[in-house]
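Just so you know, all these numbers are worked out from the coordinates, no wet-lab data involved. On a predicted model such as this, the values are computed, not experimentally measured, just so you know. So basically every Cβ, Gly included, is an ideal-geometry build from the backbone, and we count neighbours across all protein chains shown.
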Amino acid sequence: MIATERKERAQLPLPAEGPSAERIAYLESLVSQARIAAAVFTQFTQEDVDRIVKAMVLAGLEQAQHLARLAVEETRLGVMEDKVIKNMVACEFVYNHIKDKRTVGVIRDIPERNVLEMAEPIGVLFSLTPITNPTSTVLFKCIVAIKTRNAVIFSPHPKAWRCCAEAVRIMRETAVKHGAPEGVFTCVESPTLPDNAYLMHHKDVGLIDATGGPGVVTAAYSSGKPALGVGPGNTPVYLEKTGDLNTAIVDIIISKTFDNGTICASEQTVVIDDETYDAALQKFAELGAHLCNEKETKLLERTVIDPQTGFMQPMAVGQKATDIARFVGLSVKPNTKLLIAEIHGVGREHPLSVEKLFPVLAVYRAKSVSEALKTCIDVNHAGGLGHTAVIFSRNEQVIREFGNLINAGRIIVNSPGAIGALGAVYNDLVPTFSFGCGTGGGNSTTDNVNIQHYLNIKRVARRTQNHMWFRVPNQIFFNMNAVENLSQFPSETTIIVTNPALEQFGHVDIVRRHMCPKTHVHVCIIPDAEPEVKVIEQGVEALNFYQADQIIALGGGSMIDAAKIMKLKYESPEADLEELAAPFLDLRKRVIEYPKGRAQRARLVAIPTTSGTGSEVTPFAVLTDKDRGRKVTLADYSLTPDVAIVDPQFVMSMPKGLTADTGIDCLTHALEAGVSNYASAYTDANAMQAIRLVFKYLPTAFAHPHDEEARCMMHNAACIAAMAFSNASVGVNHALAHAFGARFHVSHGKANALMLPHVMAYNAAVPTKFMPSPYTKGYIAHKKYATVADLLGLGGQTLQEKVEKLIAATEQLLDQLGFPRSIAELGIPRDEFERAIPEMVKAAFDDPSWRSNPRMPLMQELVELFWKAYEGRGTARLAAVQPQAV
Amino acid sequence: METNTLCLKIDANNVIADLKQAEESLDARQELALDFSGVTRIDSPGLQAVQRFGHRAEDKKTKVALRGVSVNVYKTLKLARLTSRFSFEN
Ligand SMILES: NC(=O)c1ccc[n+]([C@@H]2O[C@H](COP(=O)([O-])OP(=O)(O)OC[C@H]3O[C@@H](n4cnc5c(N)ncnc54)[C@H](O)[C@@H]3O)[C@@H](O)[C@H]2O)c1
Ligand SMILES: [Fe+2]
């Protein structure tokens with residue numbers, strides 16, 4: 001932008017006095033007309049506005065010459081012919097870009113994201129236009145405003161007022177004639193600084209669109225209103241040695257002489273590599289440039305640059321090269337297009353290194369690429385930040401480096417800067433007459449301003465049905481003697497991970513017997529405890545030592561979990577277990593990534609010897625951190641065993657306590673998966689069946705350990721429940737049980753049993769806090785429990801009765817299995833329990849298990865649940881309050 | 001004070017004239033209802049007429065209800081800051 005504007009508009013933010021009362025009435029009338037027009041405009045359809053836009057564009061093209069002539073006569077700068085082209089570009093090229101774009105109602109449908117974008121007009125815009133591109137900017141803004149259903153109050157540069165007022169008149173009359181609301185465009189008569197300040201602060205102005213010098217832009221942004229303020233530039237050009245010299249020189253001349261250099265994106269300093277410098281200058285001279293000698297350069301810079309401010313002199317702006325030469329006192333050929341002066345640096349000591357909106361071009365000889373790039377950076381920072389830069393090169397690497405180093409909204413490659421920046425002529429940039437200069441230029445955007453900046457875009461985001469999944473091992477063998485299937489899995493070296501008790505029971509021998517012949521088998525006996533880091537390390541050592549290609553996990557959940565982690569570390573030694581156990585909210589969005597694409601070095605075959613965890617099909621592994629007295633859960637589908645063999649012969653030896661513990665773990669899995677927010681028809685089918693099997697067969701399996709049918713059904717139940725919770729996850733019961741079990745060394749099943757009735761009552765009640773969940777519609781936990789009650793044939797009429805009956809049946813089952821009714825019964829002193837609560841609540845809240853719980857647990861509620869479990873059951877049923885209310 | 005309600009229909013093609021006529025019925029003792037159900041789109045002169053009418057009604061301290069205003073016209077009135085002058089009935 002130019003110095004006249006700098007001076008005249010620089011003080012805009014703080015005009016000495018406001019407008020007179022009479023003037024205010026006048027300005028108010030403009031705002032009122034615009035407000036009414038904008039309001040009326042909201043009723044227009046896309047077809048309405050498109051019809052008006054087309055008529056305006058045709059009128060603009062028709063009047064392009066008339067307006068160009070007026071502009072040159074009034075402003076006395078620029079080139080008539082070029083201004084005609086600018087007016088035509090503002091109409092035709094802009095039209096071509098916007099004609100098929102939707103700006104009313106739904107503007108974009110993004111079905112894959114379930115999002116609709118809809119347009120909301122801004123309303124009233126207050127628009128300041130520059131002296132340099134007066135009528136073209138008005139035409140452009142009018143067309144864009146109608147396309148987006150906005151009304152505009154124009155305040156042109158005072159020295160370009162008449163031509164702009166005429167452009168506004170033509171646009172308004174055409175628009176209104178074709179149906180636009182009256183008052184859609186107005187133009188402030190002889191605008192003053194106080195007028196502008198008044199309108200910038202007016203409550204009914206929705207957006208200030210200021211194209212002009214830094215004063216205007218700063219005033220716009222200081223008004224407290226949303227603003228598009230686009231300001232001055234200082235375009236560096238790097239003419240790199242691989243660039244096509246013929247193209248480059250012609251392009252630069254086209255651009256720099258276009259409208260006598262008034263477009264703020266035009267070239268200001270050309271940095272030329274040493275290798276091609278002389279040839280380039282010679283080419284410039286051949287094509288009509290005058291190369292100033294040292295003395296001429298001194299004369300030139302003294303005349304066209306204000307020595308006080310360091311900015312260009314207004315009188316030179318938009319003048320012809322020959323006129324400037326005459327004024328400076330240089331003798332040049334009559335058809336000289338451009339004055340070229342060599343500079344040796346950038347900054348105040350090199351006056352010609354600033355923006356010069358007239359056909360004077362600075363050139364700089366660079367000895368190396370790095371010197372060239374540094375000089376371009378200097379020019380960019382000498383008033384051109386965020387605006388435009390140009391490079392001529394065939395070297396893609398240099399182009400990218402230039403793009404990386406230079407802060408410019410438009411980096412124009414191998415084409416003229418000014419016309420290139422306008423867009424749609426030499427490239428595919430959006431056509432515009434307002435160049436956003438980003439924060440570097442104190443602007444809010446680096447875009448070429450166009451329709452999208454004149455719209456509020458509303459996003460209608462529909463609830464998405466996130467895809468869900470059901471993932472289980474692809475091979476599950478079940479029922480008595482299912483272990484025989486082991487022989488079909490070839491292996492050279494297999495490690496059986498198990499514990500001493502199971503070896504003594506002879507289970508290991510059975511497995512050996514059914515292995516594929518010729519397999520080298522090694523047994524890795526690990527202590528009879530839940531998986532611990534140290535134990536895992538020993539196992540991994542064995543796997544590495546024997547280079548195992550198959551791991552058979554034979555044991556309860558602990559053993560299978562240990563084997564899962566061993567396999568993980570065996571295949572990805574770098575896996576950091578502590579890190580992999582990091583907290584997360586949603587499995588699919590969690591920060592931590594499990595090792596991907598790891599080479600499958602070993603097949604994991606899980607043979608459970610308890611009927612509870614279902615670890616043989618789950619993607620979870622629980623690791624005990626003894627030092628910190630806590631359990632951490634690893635969760636990833638890559639942990640899921642490859643093959644599960646659910647053979648009841650291995651559970652016949654389970655003692656009663658273990659049968660009860662693991663059986664209730666299984667029931668807890670199914671109940672929690674059933675009410676989980678991630679439950680689906682797939683998981684429900686499994687959860688419901690598992691619950692039915694547990695209620696039917698667990699009492700028998702417990703009372704008659706040798707009942708093969710009961711054992712078999714419980715073994716299947718555990719696996720089926722696990723398929724449900726592998727995909728729907730568990731809930732708050734597990735979070736509490738993990739925290740409590742780890743702290744007081746209580747088995748997982750027993751810990752679950754102590755919490756279960758209380759958690760069911762808790763989930764069945766109206767939540768204090770609902771859990772956000774895209775997967776569920778409304779609150780349905782109590783209804784799910786009621787469905788279970790129906791499935792079990794427990795009776796009850798209302799939802800509440802059914803929930804109560806299910807809780808009662810669960811308590812009865814727990815009693816049948818001999819579980820303690822309270823934590824107190826375990827002999828844990830009240831004061832010790834009380835002291836442990838803060839730590840347990842913290843651990844429970846950190847546990848990912850509850851993330852899928854239907855009810856969001858508040859910390860205080862976790863405290864209460866712990867206390868309920870301590871005090872004991874019998875009270876749980878009463879706590880299930882009015883579930884129908886939800 | 002006794003009030004009774006007079007209802008006048010506004011014709012979509014005659015908004016200005018109908019409002020002008022309605023002005024004559026502005027009277028503090030009477031509530032006035034204007035039936036806008038036939039007006040699906042309003043132009044600038046029409047909107048200005050509503051604005052003028054609103055001023056007159058205020059001067060005459062007459063309560064005016066607009067009936068059957070379409071949502072599009074309602075939004076237009078809202079953006080023109082005219083909704084506070086009237087009550088709206090379906
Ligand atoms: N990975 C998962 O999906 C998952 C799910 C729930 C629980 N878990 C974890 O699993 C562990 C609990 O597993 P669990 O309940 O199977 O118990 P467990 O594996 O800890 O085994 C308990 C005891 O029973 C013995 N045992 C196992 N099978 C036997 C048999 N057939 N006859 C006699 N004794 C036998 C074991 O030697 C051990 O001493 C906990 O760490 C828990 O956090 C994991
Ligand atoms: Fe469990």
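Here are a few things to note about the model shown:
- Relative pair counts by distance (%), Cα atoms of region B:5-89, 5 Å bins: 3, 16, 31, 31, 15, 4, 0
- Dividing the convex hull volume of the alpha-carbon atoms in the protein assembly as shown by its residue count gives 250 Å³ per residue.
- Of every Cα-Cα pair in region A:235-430, the percent that sits beyond 19 Å: 54
- Sequence-ordered 3J(HN,Hα) estimates for region A:239-248 from the Karplus curve with 6.51, -1.76 and 1.60 and θ = phi - 60° stand at 9, 7, 4, 7, x, 6, 5, 4, 4, 4 Hz, glycine and proline given as x.
- Cβ charges +1 (Lys, Arg) and -1 (Asp, Glu), total dipole of chain B, debye: 360
- Counting Cβ atoms of other protein chains within 10 Å of each residue's Cβ and taking the mean over peptide B:76-84 gives 4.
- Calculated Rg and Dmax of region A:400-458 using C-alpha coordinates, Å: 12.2, 38
- Whole-Å distance, taken between Cα centres, linking region A:119-195 and region A:633-680: 72
- Shown for A:596, A:569: other C-beta atoms within 10 Å of each C-beta, ranked fewest to most, produce the order A:596, A:569.
- Taking other residues whose beta carbon is less than 10 angstrom from the beta carbon of residue A:123, and scoring Lys, Arg as +1 and Asp, Glu as -1, yields 0.
- When DSSP beta bridges are restricted to pairs lying wholly in the protein assembly as shown, around 20% turn out antiparallel.
- Distance (nanometres) between label positions extended 7 Å along Cα→Cβ at residue A:274 and residue A:547: 6.0
- Think of the protein assembly as shown as a dipole: +1 on every Lys or Arg Cβ, -1 on every Asp or Glu Cβ, centred on the Cα centre; then among A:49, A:143, B:25, B:25 lies furthest on the positive end.
- Using θ = phi - 60° in the Karplus curve 6.51 cos²θ - 1.76 cosθ + 1.60, the 3J(HN,Hα) couplings for region A:461-468 round to 9, 7, 4, 9, 8, 4, 5, 10 Hz; x is entered for Gly and Pro.
- Straight-line cross-link partners of residue A:569 among the lysines, defined as a Cα under 24 Å from its Cα and at least 8 positions apart when in the same chain: A:534, A:589, A:596, A:626, A:631.
- Pairs of C-alpha atoms in region A:29-230 farther apart than 25 Å represent 34 percent of all such pairs.
- Part-to-part distance (alpha-carbon centres) for region A:796-864 and region A:530-566, which is given in Å: 32
- Panel order for A:244, A:48, by other beta carbons found within 10 Å of each beta carbon, from fewest to most: A:244, A:48.
- For region A:405-419, Karplus couplings with θ = phi - 60° (6.51, -1.76, 1.60), whole Hz, Gly/Pro x: 7, 8, 8, 8, x, 10, 10, 8, 10, 6, 7, x, x, 5, 6
- Here residue A:356 is the anchor, and the aspartates and glutamates within straight C-alpha reach of less than 12 Å, apart from those fewer than 8 places off in the same chain, are A:267, A:301, A:306.
- The residues neighbouring residue A:797, those whose beta-carbon lies less than 15 Å from its own, together hold a net charge of 0 under the Lys/Arg +1, Asp/Glu -1 convention.
- When only alpha carbons are used to place a centre, region A:567-597 and region B:24-90 end up 65 Å from one another.
- Shielding by partners for peptide A:33-44, expressed as the average number of C-beta atoms from other protein chains within 10 Å of each residue's C-beta, is 6.
- When Rg and the Kirkwood radius Rh are both evaluated on Cα atoms of region A:654-886, their ratio Rg/Rh stands at 0.94.
- Long-range HN-HN contacts of residue B:34 with modeled amide H, under 5 Å: B:8, B:65, B:66, B:67
- Think of each Lys and Arg Cβ as +1 and each Asp and Glu Cβ as -1; about the Cα centre, that makes the dipole of region A:654-886 roughly 440 debye.
- Magnitude of the charge dipole for the protein assembly as shown, about its Cα centre and with charges confined to Cβ atoms of Lys, Arg (+1) and Asp, Glu (-1), is about 1880 debye.
- Taking 30 Å as the straight-line reach from the Cα of residue B:61, the lysines in range (excluding those fewer than 8 positions away in the same chain) are A:203, B:9, B:20, B:75, B:78.
- In the structure shown, the pairs A:769/A:842; A:86/A:256; A:54/A:101; A:256/A:283; A:283/A:374 are assessed against 21 Å; a Cα-Cα span above that value is assigned to A:283/A:374.
- Net charge, residue A:634 excluded, C-beta distance under 10 Å - Lys, Arg +1, Asp, Glu -1: -1
- Estimated FRET transfer efficiency (residue A:302, residue A:600; beta-carbon r; R0 60 Å; 0.05): 0.15
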